[in-house]
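Have a look at the structure below, then the notes.
The values are calculated or read from the model by the stated rules, or taken from the named source; none is laboratory data. Just so we're clear, the structure is a prediction, and the values are computed from it rather than from any experiment. Cβ placement follows ideal geometry from the backbone for every residue including glycine, while neighbour counts extend to all protein chains displayed.
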Amino acid sequence: MSDHRRDPRIPIRQRIWCEGEHLTLYVQALNVSTRGLFVRTANPPLPGQHFRVSFPDLQEGEVVAQVEVVWARQVAGEPLPGMGLHITAFEKGAANFNRFLARQERAARAVGKTDTEN
């Protein structure tokens, strides 16, 4: 997959809730940026669908955002099934999210870890 992102992805291992019409998932986000995230799931919603994600238990505080599925991958043999999400708006905690990103970025730099696959 070619990489057309404006912002670098920061590797994380954070459980999040995805909630929308006919959708409730408790899944793991594997990387994140200021505008989006990659979420691991075997049955991702189709591109174009919109729903809410929330990040429970962040030390920075509550974060709830509206997202859109940009791409979905569930084909056997692919590296990781999941979906790419674009953050369209924050309902709560935009500043908390930015503090979370900064903390995760510092941690990734400290161990020399980057994520370019997802």
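The conditions are (1) buried (at least 16 other Cβ atoms within 10 Å of the Cβ); (2) at pLDDT below 95; (3) of a type outside the set (Phe, Trp, Tyr), and residue 106 fails exactly one of them. Which is it?
Every listed condition holds for residue 106 apart from (1).
Taking region 55-86, which residues are among the small types (Gly, Ala, Ser) and surrounded by fewer than 17 Cβ atoms within 10 Å (Cβ to Cβ)?
61, 76, 77
Consider residue 29 carefully, then state whether it is surrounded by 14 or more Cβ atoms within 10 Å (Cβ to Cβ) and either of a type in the set (Gly, Ala, Ser) or within 20 Å of residue 93 (Cβ to Cβ) (or both).
yes
Using beta carbons and a limit of 6 Å, which pairs, at least six apart or on different chains, have the first residue in region 88-107 and in a strand (DSSP E or B) and the second one surrounded by 13 or more Cβ atoms within 10 Å (Cβ to Cβ) and not hydroxyl-bearing (Ser, Thr, Tyr)?
88/66; 88/68; 89/66; 90/65; 91/64; 92/62; 92/64
Of everything in region 19-43, what is touching an Asp or Glu at 6+ places or on another chain (Cβ under 6 Å) and in a loop (DSSP other than H, G, I, E, B)? Give them in sequence order.
Across region 19-43, the qualifying residues are 33, 34, 35.
Find the residue count for region 1-18, including only residues that are among the basic types (Lys, Arg) and part of a loop (DSSP other than H, G, I, E, B).
Adding up the residues that qualify gives 3.
Can you tell me which residue is nearest to residue 9 (Cα to Cα) among those in region 49-104 that are among the charged types (D, E, K, R) and touching an Asp or Glu at 6+ places or on another chain (Cβ under 8 Å)?
Selected residue: 103.
Kindly evaluate residue 112 against the criterion of being part of a loop (DSSP other than H, G, I, E, B) and in contact (Cβ under 8 Å) with a residue 12 or more places away in the chain.
Answer is no for this residue.
Give the residues of region 44-72 that are in a strand (DSSP E or B), more than 18 Å from residue 22 (Cα to Cα) and not β-branched (Val, Ile, Thr), sorted by residue number.
Within region 44-72, 55, 71 meet the criteria.
Which pairs have Cβ atoms under 7 Å, sit 6 or more apart or on different chains, and link a residue in region 68-82 that is on the phi < 0 side of the Ramachandran plot to one that is at pLDDT below 90 and polar (S, T, N, Q)?
Sorted first by the residue in region 68-82, then by its partner, the pairs are 74/43; 80/118; 81/74.
Can you tell me which residue within region 109-118, out of those that are in contact with a strand residue (DSSP E or B) (Cβ under 8 Å, 6 or more places away or on another chain) and loosely packed, with under 14 Cβ neighbours inside 10 Å, is modelled with the highest pLDDT?
If we take residues in region 109-118 being in contact with a strand residue (DSSP E or B) (Cβ under 8 Å, 6 or more places away or on another chain) and loosely packed, with under 14 Cβ neighbours inside 10 Å, then 113 is modelled with the highest pLDDT.
Applying the selection to region 45-54, what residues are crowded, with 16+ Cβ neighbours inside 10 Å and either among the basic types (Lys, Arg) or farther than 16 Å from residue 35 by Cβ (or both)?
45, 49, 51, 54
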